[in-house]
Amino acid sequence: MMFSETSWYFIMKISDLRVALLSGNYNYTLDGANVTLNRLVGFLLSQGAAVRIYSPVVETPAFAATGDLIGVPALPIPGRSDYRLAYGMGRNLKRDIAEFAPNIMHISAPEGLGHWGLHYARRHDIPVIASVHTRFDTYLRYYKLGFMEPVLTGILRRFYRRCDAIVAPSQSMKDVLVSQHMNDDTGIWSSGVDHDVFTPAARCLEWRRSLGIADDDVVVGFLGRLVLEKGIAVFCDTIVELTRRNAKVRVLVVGEGPADKWFADRVPEAVFVGFLRGADLSRALASMDIFLNPSVTETFGMVTLEAMSCGVTVVGADASGTSSLITDGVDGRLIAAGDVNAFADAIQDYAASPEKRAATGAAGRLSAAKYGWDAVNGALAANYIRIIERHHAIGPMPTKAVKRRGAHPDHRPVNRDQ
């Protein structure tokens with residue numbers, strides 16, 4: 001087949017792909033990254049690709065896995081037993097991946113399993129793409145270890161620079177990775193949203209009434225894992241400040257996690273509905289009036305996009321992920337991270353004006369409409385093919401991390417926003 005400079009990577013078809021996906025958490029908890037990975041696998045399988053997933057497993061996962069999931073040895077993380085840490089691949093699993101014979105490896109987290117996979121791929125000349133779903137470097141701030149951020153950033157850089165390419169879920173996160181010199185081939189693989197599920201039509205006043213919430217109450221909501229790194233301290237401080245101002249708002253919390261008691265103690269007047277999914281989740285989200293997302297660890301902000309798709313007004317931290325979804329003052333508000341008074345000001349302003357909430361929610365719904373699953377996953381599949389072709393044409397990245405900032409001389413810099 002003849003090809004041009006812009007189309008040469010389509011020599012292969014999606015059905016030619018054999019993808020080994022290594023994930024530290026594929027389905028044993030439910031979060032945006034896991035939803036995205038399962039959606040990707042479903043898309044690839046529907047297009048005829050072969051996919052094998054390697055991840056820790058538990059007896060009662062949060063949801064059924066999409067695709068062929070192979071369990072890897074793992075132990076609960078001390079202090080966070082809800083998460084598992086893979087500690088390597090035994091002989092049987094090495095044999096399994098060798099028999100599967102992937103032509104590309106996708107690593108979704110730079111933890112032990114990811115490091116093992118990268119080493120295996122380099123030894124067996126398999127191209128590697130890594131997707132970045134979490135700002136692990138910012139996690140340290142929530143555990144009073146912020147002084148260690150430069151060290152962790154250096155470890156992450158060494159890992160990502162040994163991959164053929166990396167993808168971020170948003171332009172803002174890509175900008176962060178580029179500024180940190182993580183990889184010379186950094187693209188974008190965003191998430192999508194099911195607009196038929198997350199819709200304003202899911203709003204249910206009867207359900208709100210069953211929780212003791214009146215029709216004219218203004219509900220400020222939180223959705224996510226109840227852990228410190230999701231910004232729940234800022235959320236709670238904002239509610240406390242609104243209470244001090246005598247702002248008339250109700251609080252609805254959707255999710256569960258190790259900090260649920262801490263959260264309830266800080267905001268005792270909140271209504272906690274626990275872990276929800278599917279139609280129950282969209283009903284709860286659409287039944288909010290204002291969605292507050294103060295997290296700075298997001299790389300995309302799946303819950304923000306879902307809230308926008310439901311037509312709910314969003315107030316979020318001006319940080320990676322959320323800042324790529326919201327245009328401040330148009331389809332939501334972006335507030336400086338950690339600025340409790342500014343968060344309270346924005347919420348108080350929206351709470352006082354149903355008209356402003358309606359206009360902002362409608363604008364958010366329009367902005368969310370451009371995020372469809374097939375489009376974003378099709379773009380990533382094309383990126384797989386491009387990386388495979390390039391890897392076999394000019395070879396892998398060097399074995400040791402590149403220390404200087406420029407591109408490796410054997411590799412053409414590539415800027416692909418897919």
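The conditions are (1) open to solvent by 30 Å² or more (accessible area, probe 1.4 Å); (2) in a loop (DSSP other than H, G, I, E, B); (3) within 20 Å of residue 216 (Cβ to Cβ), and residue 247 fails exactly one of them. Which is it?
(1)
If residue 400 satisfies all but one of (1) surrounded by fewer than 19 Cβ atoms within 10 Å (Cβ to Cβ); (2) at pLDDT 95 or above, what's the number of the condition it fails?
If we test residue 400 against (1) surrounded by fewer than 19 Cβ atoms within 10 Å (Cβ to Cβ); (2) at pLDDT 95 or above, just (2) comes out false.
Taking the criterion of being of a type in the set (Gly, Ala, Ser), touching a residue at least 24 places away in the same chain (Cβ under 8 Å) and crowded, with 18+ Cβ neighbours inside 10 Å, would at least one residue in the stretch 203-218 satisfy it?
So far as the stretch 203-218 goes, no, none of its residues is of a type in the set (Gly, Ala, Ser), touching a residue at least 24 places away in the same chain (Cβ under 8 Å) and crowded, with 18+ Cβ neighbours inside 10 Å.
Within the stretch 304-334, which residues are among the small types (Gly, Ala, Ser), open to solvent by less than 10 Å² (accessible area, probe 1.4 Å) and either in contact with an Asp or Glu (Cβ under 6 Å, 6 or more places away or on another chain) or within 18 Å of residue 200 (Cα to Cα) (or both)?
Of everything in the stretch 304-334, those that are among the small types (Gly, Ala, Ser), open to solvent by less than 10 Å² (accessible area, probe 1.4 Å) and either in contact with an Asp or Glu (Cβ under 6 Å, 6 or more places away or on another chain) or within 18 Å of residue 200 (Cα to Cα) (or both) turn out to be 307, 309, 321, 332.
Check 220, 176, 197, 234 and return the single one that is assigned to a loop (DSSP other than H, G, I, E, B) and of a type in the set (Val, Ile, Thr).
197
Which strands (runs of 3 or more DSSP E) sit wholly inside the stretch 41-113 and have at least 2 residues that are of a type outside the set (Val, Ile, Thr), open to solvent by less than 30 Å² (accessible area, probe 1.4 Å) and in contact (Cβ under 8 Å) with a residue 24 or more places away in the chain?
Output list reads 50-55, 104-107.
Identify all residues within the stretch 3-26 that are modelled with pLDDT under 90 and more than 16 Å from residue 106 (Cα to Cα); write none if there are none.
Answer for the stretch 3-26, where residues must be modelled with pLDDT under 90 and more than 16 Å from residue 106 (Cα to Cα): 3, 4, 5, 6, 7, 8, 9, 10, 11, 12.
Would you confirm whether or not the stretch 356-365 contains a residue that is within 27 Å of residue 43 (Cα to Cα), in contact with an Asp or Glu (Cβ under 9 Å, 6 or more places away or on another chain) and modelled with pLDDT of 95 or more?
Yes, the conditions are met somewhere in the stretch 356-365.
Mind counting the residues in the stretch 170-202 that are hydroxyl-bearing (Ser, Thr, Tyr), open to solvent by less than 20 Å² (accessible area, probe 1.4 Å) and within 16 Å of residue 285 (Cβ to Cβ)?
Matching residues across the stretch 170-202 total 1.
With respect to the numbered conditions (1) without any contact (Cβ under 8 Å) to a residue 40 or more places away in the chain; (2) within 27 Å of the chain's Cα centre (by Cα), which one is the sole condition not fulfilled by residue 368?
Only one criterion in (1) without any contact (Cβ under 8 Å) to a residue 40 or more places away in the chain; (2) within 27 Å of the chain's Cα centre (by Cα) is unmet by residue 368, namely (1).
Residues 334, 305, 325: which one is modelled with pLDDT of 95 or more and either within 22 Å of the chain's Cα centre (by Cα) or small (Gly, Ala, Ser) (or both)?
334
So, in the stretch 20-39, how many residues would count as being out of contact with any Pro (no Cβ under 6 Å at 6 or more places or on another chain) and farther than 20 Å from residue 305 by Cα?
Number satisfying all stated conditions: 6.
State which residue is surrounded by the most Cβ atoms within 10 Å (Cβ to Cβ) when the search covers only the stretch 270-293 and only residues that are assigned to a loop (DSSP other than H, G, I, E, B) and at pLDDT 95 or above.
Per the stated criteria, the residue is 288.
Would you mind telling me which numbered condition in (1) over 16 Å from residue 357 (Cβ atoms); (2) acidic (Asp, Glu); (3) touching a Lys or Arg at 6+ places or on another chain (Cβ under 9 Å) residue 217 fails?
Every condition holds for residue 217 apart from (1).
So, in the stretch 345-388, exactly how many residues are of a type in the set (Gly, Ala, Ser) and not in a helix (DSSP H, G or I)?
Number satisfying all stated conditions: 4.
Scan the stretch 335-376 residue by residue and report those that are open to solvent by 30 Å² or more (accessible area, probe 1.4 Å), within 19 Å of residue 170 (Cβ to Cβ) and touching a strand residue (DSSP E or B) at 6+ places or on another chain (Cβ under 9 Å).
Selection gives 336, 337.
The values are calculated or read from the model by the stated rules, or taken from the named source; none is laboratory data. Remember, predicted model here, so these are calculated numbers, not experimental data. Every residue, glycine among them, receives a Cβ derived from its backbone with ideal geometry; neighbour counts consider all protein chains shown. Ligands, DNA and RNA are stripped out before the accessible areas are found, and what is left, the full protein with its side chains, is counted by its heavy atoms. Shrake-Rupley method; radii C 1.70, N 1.55, O 1.52, S 1.80 Å.
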